[in-house]
Amino acid sequence: MTKVIAVIDIGKTNKKIFLFDENFEVVFQNSIQFDEIIDDDNFPCDDIVSIENWIKNQILSIQMKGNFKIKAINFTTHGASLIYLNKDGKRITPLYNYLKNIDLKDYESLYKKNGGAEEFSRKTASPVYGMLNTGLQMLWIKKYKPEIWKQVDTILHYPQYLSYLFTKKITADYTSVGAHTATWDFDTMQYHSWLKDENITLPTPCKGNEAFISEINGEKIAVGTGMHDSSSSIIPLLEKEKDFVLLSTGTWIIAMNPFSKEILTQHQLKNNCLCFITPEKQQVKSSMQFLGRIHEVYLKALSEYYKVNINTHLKLILNTTLCEALVSKNSNLFLAKGIDTDFEAHPEYLKNFDSYETAYYQLVYEISKKVIAGIQLISDENVDISNVFISGGFNRNEIFIKFLNLLNPTINIKISDCKNESALGAALIMKSYLK
């Protein structure tokens, strides 16, 4: 029977389970997508009940088949998502969607009490993101859902809640609390004092390699406390590479520089830069842009406008001449020149193009230009970034890679040879439990 570490990898779209053997090779995987449901405000959200049931059933099914011996389980999820428990340890809210709109005016007093929005953002390494700042989510519940807030006994980030399903232990981890939550003070490397002012108590973060031995369906298994997916994705590279930027591509395109020695500046914060934290409490300067989402909505618009399959872009042959022409022209149509705030498609823009190919190349060019700007922003002054590793869906996009090379010929683009980086990172920190 093969000893394995099971990793539950929950993305915004795909929910996956991986089994890693002692060589950290994937020996089994499965994935599923769930239709969204609506929350108590009729806003779309993930179906947390179905996700919970799927996770438990997947673990049980693997145990019952008897091909693999699960020695450890860990979790990695997207960020900006909280679960609220009552004093009986029961979940009392939906999994609210981080795309939900909240009124930022409600938080002006919070920023004012703590040195103003710029200083507060610098101190917490959290640009003013609304629901993407989980600390603001807590205050939103407190103000607009007081009956729920009265019942709240414990607040968990998403990875720790999934761990809690198996351990019933209340935990926190550095990768989650450090991910643009507006709750972590990067100057003191502890929770920000505003939480105490609001009588909010959060669990003390523990090291990423800590686990609890739990009995699951009659078997003793080490259960990790879970991790934020972006921070987890950098772990495999940190184990074998030095001096690099990781470009993690998916719904979000996140450039991460774990080797930056300079503090986060106001200019960087105003341009979608922030800091993540590794499980070992190391800061990772990052640029985070919702560019994968823009790519996704325009794929649908392109498909409908040109009446082609939504995956037509995958069949395009690299047209270097067109790439060079677009770089030379340097025009913008789909994206703002500054910070993007519009993440919906505008099919009317497609009237400017005579083919699917030219429209798609223009879209990818603009995305690539934003990515290069993001990489430059997180690079220390007088330090040249030589290696940029690309992971995730865009690492197979030759058009994207060509634009990156044209826009900055000095960087060495490398396709990460790791697959499923977030899941692998979550498995690697549990390696001591494979014995």
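The values are calculated or read from the model by the stated rules, or taken from the named source; none is laboratory data. This is a predicted model, so every value here is computed, not measured. Glycine gets a Cβ as well: all are built from the backbone with ideal geometry, and neighbour counts include every protein chain shown. With ligands, DNA and RNA removed, areas are computed over all heavy atoms of the protein, side chains included. Shrake-Rupley method; radii C 1.70, N 1.55, O 1.52, S 1.80 Å.
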Can you name the residue in the range 99-124 that is within 23 Å of the chain's Cα centre (by Cα) and hydroxyl-bearing (S, T, Y) and is also nearest to Q266 (Cα to Cα) among such residues? S121
Is one or more of the residues making up the range 198-217 at pLDDT 95 or above, over 20 Å from the mean Cα position of the chain (by Cα), over 23 Å from L132 (Cβ atoms) and buried (at least 20 other Cβ atoms within 10 Å of the Cβ)? yes
When both residues are 6+ apart or on different chains and their Cβ atoms are under 6 Å apart, which pairs have a first residue that lies in the range 162-189 and is in contact (Cβ under 8 Å) with a residue 60 or more places away in the chain, and a second that is assigned to a helix (DSSP H, G or I) and of a type in the set (K, R)? D185/K123; D187/K123
Subset of the range 15-62, residues in contact with a strand residue (DSSP E or B) (Cβ under 8 Å, 6 or more places away or on another chain) and of a type in the set (D, E, K, R), comes to K15, K16, D21, E22, E36, D39, D46, D47
Name the single residue that is surrounded by the most Cβ atoms within 10 Å (Cβ to Cβ) among those in the range 65-111 being farther than 22 Å from L424 by Cβ and hydroxyl-bearing (S, T, Y). Y96
Check off (1) open to solvent by less than 30 Å² (accessible area, probe 1.4 Å); (2) touching a helix residue (DSSP H, G or I) at 6+ places or on another chain (Cβ under 9 Å); (3) not in a strand (DSSP E or B); (4) not aromatic (F, W, Y) for I62 and give me the number that stays unchecked. (2)
Evaluate the following for A182: is it in contact with a Pro (Cβ under 6 Å, 6 or more places away or on another chain), open to solvent by less than 20 Å² (accessible area, probe 1.4 Å) and modelled with pLDDT of 95 or more? no
For the range 135-157, indicate whether the set of residues that are under 24 Å from H267 (Cα atoms) and in contact (Cβ under 8 Å) with a residue 24 or more places away in the chain is non-empty. yes
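Out of the range 364-404, which residues are hydrophobic (A, V, I, L, M, F, W, C), farther than 27 Å from Q283 by Cβ and in contact (Cβ under 8 Å) with a residue 24 or more places away in the chain?
V364, I399, F400, F403
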Of all residues in the range 380-429, which are part of a loop (DSSP other than H, G, I, E, B), aliphatic (A, V, I, L, M) and surrounded by fewer than 22 Cβ atoms within 10 Å (Cβ to Cβ)? V383, I385, I411
